[in-house]
Amino acid sequence: MAAAAPDQVSDPQITFRTKGITKVYDTGDVQVHALRGVDLELYEGEFAVLLGPSGSGKSTLLNILGGLDTPTEGRVWFRDIELTAAGERLLTRYRRDSVGFVFQFYNLVPSLTARENVELVTEIAREPMDARDALALVGLEPRMDHFPAQLSGGEQQRVAIARAIAKRPDVLLCDEPTGALDSETGVIVLDAIERVNAELGTTTAVITHNASIADMAHRVVSFADGAIAQVRVNAERKPAREISW
């Protein structure tokens with residue numbers, strides 16, 4: 001693994017640190033500035049919500065943190081590893097071993113059961129959870145032998161969460177995980193994510209445009225026009241079961 005950069009503070013409590021990151025997409029005649037000089041720290045074991053409207057830069061930031069994209073300018077660290085200086089082999093290992101992704105759409109293999117979808121990840125992980133245990137953590141052990149078509153949207157999303165956590169990642173990055181769900185089902189999914197954060201201590205970042213979800217976070221980072229508009233710490237957090245929208 002790469003050594004800490006000279007100006008990187010080696011703080012064991014910091015999972016992610018970004019310094020002045022920008023992201024510009026060149027669409028031909030127009031340049032789109034998705035991120036504009038973002039400085040951010042996310043901490044070990046916290047549940048962070050990145051809040052903002054569509055187009056505010058949230059998903060771009062999450063993709064950069066997860067090693068799926070690179071900034072146009074600026075630097076990004078995961079613990080003491082500078083991701084922006086890493087080669088493709090290191091980034092591949094980082095994505096495989098350290099990061100669990102949950103997206104708005106579930107991306108399950110329809111011909112595999114819930115357990116088999118989770119086992120796709122456990123077969124390549126270093127020290128995976130048993131697929132049954134991962135599904136139990138999100139409340140789906142009784143449904144583990146059902147196919148995606150036999151599961152509701154919320155259940156499919158919980159299978160996707162189980163798949164993401166089965167490899168025991170250091171971080172769980174969730175991009176609008178309730179975006180395709182109604183409020184009642186979304187709360188069940190948020191409860192599963194909350195349980196993973198609490199029981200496994202997985203640093204968790206959820207991006208959303210839904211301000212109600214911010215009430216369950218340790219910290220809320222609000223975005224506007226590609227920049228951080230505000231960071232607040234919740235003195236008291238609401239459990240997912242008390243969230244409504």
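The values are calculated or read from the model by the stated rules, or taken from the named source; none is laboratory data. Predicted model, so just to flag it, every value in this text is computed and none were measured. Here the Cβ positions follow ideal geometry from the backbone for every residue, glycine too, while neighbour counts run over all protein chains shown.
Looking at (1) over 27 Å from SER222 (Cβ atoms); (2) buried (at least 17 other Cβ atoms within 10 Å of the Cβ); (3) more than 20 Å from the chain's Cα centre (by Cα), find the lone condition where THR122 falls short. Failing condition for THR122: (3). For the residues ILE14, ILE64, the requirement of being touching a Pro at 6+ places or on another chain (Cβ under 8 Å), surrounded by 14 or more Cβ atoms within 10 Å (Cβ to Cβ) and not hydroxyl-bearing (Ser, Thr, Tyr) singles out ILE64.
Scanning segment 197-242 for residues that are under 22 Å from GLY100 (Cβ atoms) and among the β-branched types (Val, Ile, Thr) gives THR202, THR203, THR204, VAL206, ILE207, THR208, ILE213, VAL220, VAL221. If you scan segment 211-245, which residues turn out to be buried (at least 18 other Cβ atoms within 10 Å of the Cβ), in contact (Cβ under 8 Å) with a residue 60 or more places away in the chain and out of contact with any Lys or Arg (no Cβ under 9 Å at 6 or more places or on another chain)? Within segment 211-245, ILE213, ILE228 meet the criteria. Residue check: THR15 meets all listed conditions (1) farther than 23 Å from VAL220 by Cβ; (2) hydroxyl-bearing (Ser, Thr, Tyr); (3) modelled with pLDDT of 95 or more; (4) touching a strand residue (DSSP E or B) at 6+ places or on another chain (Cβ under 8 Å) but one, namely (1). When segment 102-129 is filtered for residues that are more than 24 Å from VAL206 (Cβ to Cβ), assigned to a loop (DSSP other than H, G, I, E, B) and either touching a strand residue (DSSP E or B) at 6+ places or on another chain (Cβ under 6 Å) or at pLDDT 95 or above (or both), the ones remaining, listed by number, are VAL109, PRO110, SER111, LEU112, THR113.
Within segment 25-52, being in contact (Cβ under 8 Å) with a residue 40 or more places away in the chain and either of a type in the set (Ser, Thr, Tyr) or touching a Cys at 6+ places or on another chain (Cβ under 6 Å) (or both) holds for one residue alone: TYR43.
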